[in-house]
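Worksheet for the structure shown next.
Please treat every number below as a calculation from the coordinates, not as lab data. Owing to the predicted nature of the structure, the values given are computational and were not obtained by experimental measurement. Here the Cβ positions follow ideal geometry from the backbone for every residue, glycine too, while neighbour counts run over all protein chains shown.
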There are 2 protein chains.
Amino acid sequence: MKKNKTQMPLDRIEKEPRTQSFRSVFKWGAIDKYKNPSQGFWKVIKKELGLSDMEAQTQADSGGDRVDNSVKSNISSEDILLFEQIAGKENLFLDTYSRLKYSTGKSMEDILNLREHRIQEICDLVLHPRDKEDIIKIVALCHSKKIPLHVYGGGSSVTLGLACPKGGVTLVMGTHMKRMVAFNETNRTITVESGMMGPVFEDLLNNAPEKLNAKKQYTGGHFPQSFEFSSVGGWVVTLGSGQASSYYGDACDLVISQEYVTPVGTFKTKEFPASATGPKVNDIMKGSEGCFGVLVSVTMKIFPFYPQSAKAFTFMFPNFEKGRDAARHISQAGFGMPAILRLSDPEETDVAMKMYGLEGSIPDRYMGFRGLKPKQRCLLMGQTDGEHRFSKNVYKQIKTICKANQGLSLTGYPMKKWYKGRFSDPYMRDALNDAGVLIDTLEASVSWDHFNDLYSAVRTYIKSYPHMICMTHASHFYAQGTNLYFIFITKMQDIETFRNFQRGIIEKIIQNHGSLSHHHGVGRLMAPMMEQHLGKEQMDVLKALKKHFDPNYIMNPGGLGV
Amino acid sequence: MKKNKTQMPLDRIEKEPRTQSFRSVFKWGAIDKYKNPSQGFWKVIKKELGLSDMEAQTQADSGGDRVDNSVKSNISSEDILLFEQIAGKENLFLDTYSRLKYSTGKSMEDILNLREHRIQEICDLVLHPRDKEDIIKIVALCHSKKIPLHVYGGGSSVTLGLACPKGGVTLVMGTHMKRMVAFNETNRTITVESGMMGPVFEDLLNNAPEKLNAKKQYTGGHFPQSFEFSSVGGWVVTLGSGQASSYYGDACDLVISQEYVTPVGTFKTKEFPASATGPKVNDIMKGSEGCFGVLVSVTMKIFPFYPQSAKAFTFMFPNFEKGRDAARHISQAGFGMPAILRLSDPEETDVAMKMYGLEGSIPDRYMGFRGLKPKQRCLLMGQTDGEHRFSKNVYKQIKTICKANQGLSLTGYPMKKWYKGRFSDPYMRDALNDAGVLIDTLEASVSWDHFNDLYSAVRTYIKSYPHMICMTHASHFYAQGTNLYFIFITKMQDIETFRNFQRGIIEKIIQNHGSLSHHHGVGRLMAPMMEQHLGKEQMDVLKALKKHFDPNYIMNPGGLGV
């Protein structure tokens, strides 16, 4: 992410957003980091979107205004005093900027609004609770006064999960509630407060001998693209999934126990490795997105850290079907899974060839010779992990399966490129948005038998719009299916047009047996479709749980569609 | 299980129980199969229980009476007619024998009652529903008339899970509702009606090329000791666990989707490999033990069937701690898990040495030489499975870990012995009971850090009773912990004394951080302790679900303690 003129096709804005500006709210990640699309990628975008050189140079340093203190808080001064008495004056904020910041995620709609200085659905009051006791009192007060209550973890929601349509209070967990509670090397678990951020969590585990007096190094195994700016609690309540999920499991698989403060009581789920005492409350709470209560701490599985046994691989297949078949065989063979496995469709593959500087290279020419043609060929790449002989065997078997499916090995090189961007690619979005280019994603999980239909239907729909890039990959694999992740790039700027377009994709996903979300969660984006998705009977189950935990409907009202 | 005089220390009853006798209800398994304890085992029992030769020969052919039609049904003749109209006259039974049979499981209390011809807590009416439509109508009728409704799968419950304290209707699922619904080789799933029995399920999968026109052979990977006499639906609603769970997963891990008929509606959970659309209804229903609705069909994961890659191993450790450490290291190393892993405590190890005819053998003498002494040494045995290079690597690594923990390899031989008894051992219980010897079990899951405390506390309590054999093993392994399975053998015969004794064990389990059950489920045995176990707040969650699904409290009333 260093400044590098040859990598700068756009005359990029590389300055920190103004303090308290709209831009400082929507900008991805660290305030002083930026990333431009590579020249190859930018060339594709210009061409596909039909951008003239003039358009392509247009700079929109939008959202640069400061957020004025223009929006009145609807909480009475009496109540404010009560919250102040609980959490302390220094942990209470009423200014519009704070309220906007902590009611905003990273969805395209959030960003479009902020670029145009629109303030919508923000909370009335921001609190930074210091501990569980603060939260117990805050939840009780909100419950008795019927004040809506929301929770802000890392703020990386792309599903409008942080919006506060009814105002109320937002709790910011990352300020104080980010401590380690317990480390248990015998049980291979770590308990942390929910506001601990990904890198802090992983750093503790990787350096466990020094930092935790442990015998070994560990990893949490959870690396979503938002890793650097998401919280452990957020992973759990939104059912996240990391880039290495195929071996380590999705967030829901990693959770041993959770402690919640709800309007009807505080509890910690049992810390058993397994149990047969009825439906598991630990499972019931996962994915509750703040609608049942506030997650205060969570006990996660940890794994031995074997960085030296990682083996990267890349294969090019003549078409998507062959790549998909190879990935399915890998997922179903019973030799264990690679940690990372990613299958790109032809359009994403062609972009990757350009991004990774492979286009026109010797390997590219060799591919041509082998009949691996642009617009058809597909990249499958990944990395094995775990104990080293296990990792080696998985790697070997993957090679065998890929070759049997006409995959050509491109060595581990493209993975090196991928590693560089695995957490930093979201910075590119700001650069593209500044140039009037919109980039967004939608994703679904799908069983293998509906993979083709879902892929074709969504892609056809997206491509029915003119000047649209649609790159698709599958990146989380199971014996029973995978996910499909659609990235679309367009000049579309009008929010209503975008909403309609987005709604159309979601309809196609539902119609073609995709889940509404594989790992982005529900938020207010998917909430209106939840009943259509689950059916009335199953939606009623979630509603019954909501009613039980939150009889006054104060917890993240409207979330989950309950 | 063939008649073999040298294996017959007891002059066993080897005749089929009288038709419609109490004995025919409680006898384990097939009506014409029997199993005696081996001479070695019987010698241990006689000695430890202090049985005189006379006592040891005592035959109690108890429970031999026919079940008279002595218990009036409390369902009105009007209602009976309505049920008859739904399911057909041929599928409706009012006789006491049928009602007793389908209200009885295999708990010690069930057996003690039946041996003394006591009829307790039976249903009023037995129905054998033909299909989902029958069940929808039956549930609706029971709901509107407030008639209790129970479900009978394989009948192997050891937790009083089939008792009908308020009478009502029992549905027998295994008569008609045992069909395959769908086989999906692409998705690696099979959908069956819930009444399909274990061997039918596994046979379909093992012979998939012939029976299902599949490309490959498969396995369901689920082999509880009750495998031959338990149903697929029963595995799911009681959260069962099979002998190969350490690789394949517990029943809850194997379930992709379930279809339920509840008083408030019929639904099938979504068949996604993963999803992030809020708390998963599929998880919420697992373990519901008939308290929320009737499970009519279930979609299970299937696995490639690799019998040729199975590798058996046995190691003897100088003490329980060393064996436990080896098992923990295996479970935490990250190279994958063996399918079967079993660690016996010293008392079980000594019995096993006798049962497997190893006592006094050359290996035994070698063990003595190596300092592996009776009353201290511990067996760890198991089998690797899965794709053959995976299996081979797991096997190799287990060997390395066991040797590093002072384990002495005894080859795979003892596993061969174990295989012979893996499903037939429960037949021995009838033989022992006939000789006035009681054998029963209780089990818990526990995290590694509480393993010692739980083991010691329960064992000390059991051994505080005179003339008590207590054999313990761990047989389901996770990185975070395992289960402890306590088998106790005693002369105790009085049901009240037994109940107090049993309650004492359960208290010790709760006090020492064990779960109330690892895989036996809740039933009416554990229901009264559920609130103490989960705490009020979590119990209230289950109660809220109960109230939602079953507002008239007709579904297995009293089950789960809700």
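Descriptive notes on the structure:
- Note on region A:437-521: dipole from Cβ charges, positive end direction compared against A:Gln480, A:Gly514, A:Ile469; the farthest Cα belongs to A:Ile469.
- Across the identical copies, how the B:Ala214 labels are spaced - nm, sorted shortest first, 7 Å along Cα→Cβ: 3.9
- Neighbourhood charge, 9 Å Cβ-Cβ cut-off, centred on B:Glu185 and excluding it, Lys, Arg +1 and Asp, Glu -1: +3
- Test item: Cα-centred dipole of chain B, Lys/Arg +1 and Asp/Glu -1 on Cβ, debye: 1560 debye
- Listed residue pairs exceeding 19 Å between alpha carbons, taken from A:Lys35/A:Lys463; A:Lys547/B:Lys543; B:Lys145/B:Lys547: A:Lys35/A:Lys463
- Measuring nothing but alpha carbons in region A:307-421 and taking Rh as the Kirkwood radius, the Rg to Rh ratio lands at 0.96.
- A cysteine counts as unpartnered when no other cysteine's C-beta lies under 4.7 Å of its own; in the protein assembly as shown this applies to A:Cys142, A:Cys252, A:Cys291, A:Cys378, A:Cys402, A:Cys470, B:Cys142, B:Cys252, B:Cys291, B:Cys378, B:Cys402, B:Cys470.
- Given charges at Cβ of Lys, Arg, Asp, Glu: region B:257-342 dipole, positive-most of B:Phe272, B:Phe292, B:Ser331: B:Ser331
- Pairs over the 19 Å Cα-Cα cut-off, from the set A:Lys403/B:Lys396; B:Lys72/B:Lys166; B:Lys311/B:Lys403; A:Lys286/B:Lys270: A:Lys403/B:Lys396.
- P(r) for region A:254-368, from all Cα pairs and a bin width of 10 Å, is 10, 25, 20, 22, 16, 6, 1 %, short bins first.
- Between amide H atoms placed 1.01 Å from N, distances below 5 Å from A:Ser257 occur with A:Thr299, all of them 5 or more places distant or on a separate chain.
- Cβ-placed point charges (K, R +1; D, E -1), dipole of region A:34-135 about Cα centre in debye, nearest 20: 560 debye
- As a rough guide to protection, the peptides B:497-505, B:473-481 ranked by mean Cβ packing within 10 Å, highest first, stand as B:473-481, B:497-505.
- Base-10 log of normalised Debye intensity for region A:203-276 (one unit scatterer per alpha-carbon) at q = 0.14, 0.20, 0.27, 0.28 Å⁻¹: -0.58, -1.04, -1.19, -1.20
- Chain B pair-distance distribution - Cα-Cα, 10 Å bins, rounded %: 3, 17, 28, 28, 17, 6, 1, 0
- For region A:180-304, the direction-averaged projected area of the alpha-carbon convex hull comes to 7.4 nm².
- Identity and axial distance of the chain B residue whose Cβ lies nearest the axis relating B to A, Å: B:Asp283, 2
- With Rh defined as the Kirkwood radius, the inverse of the mean 1/r over Cα pairs, the Rg/Rh of the protein assembly as shown is 0.99.
- In region B:180-304, a dipole from Cβ-located charges (positive for Lys and Arg, negative for Asp and Glu) runs towards its positive end, and of B:Pro304, B:Gly233, B:Thr186 it is B:Thr186 whose Cα lies farthest in that direction.
- Counting every C-alpha pair in region A:437-521, the share spaced more than 17 angstrom apart comes to 42%.
- Rounded to the nearest 20 debye, the dipole size of region A:79-167 about its Cα centre is 120 debye, using +1 on the Cβ of Lys and Arg and -1 on the Cβ of Asp and Glu.
- Shape category assigned to region B:77-175 from the gyration tensor of Cα positions, a/c cut at 1.5: prolate
- For chain B, the mean residue ellipticity at 222 nm estimated from helices alone is -10500 deg cm²/dmol, where every DSSP H run of n ≥ 4 contributes -39500 (n - 2.57) and the total is divided by all residues, rounded to the nearest 500.
- Cα gyration tensor category, rounded, prolate or oblate, for region B:49-120 with a/c compared to 1.5: prolate
- If you sort the three axes of the alpha carbon gyration tensor as a ≥ b ≥ c, you get a/c of 1.5 or more for region A:362-444 and a/b no higher than b/c, which makes it oblate.
- Scaled to the globular estimate 2.2 N^0.38 Å, the Cα spread of region B:372-493, given as radius of gyration, is 1.24.
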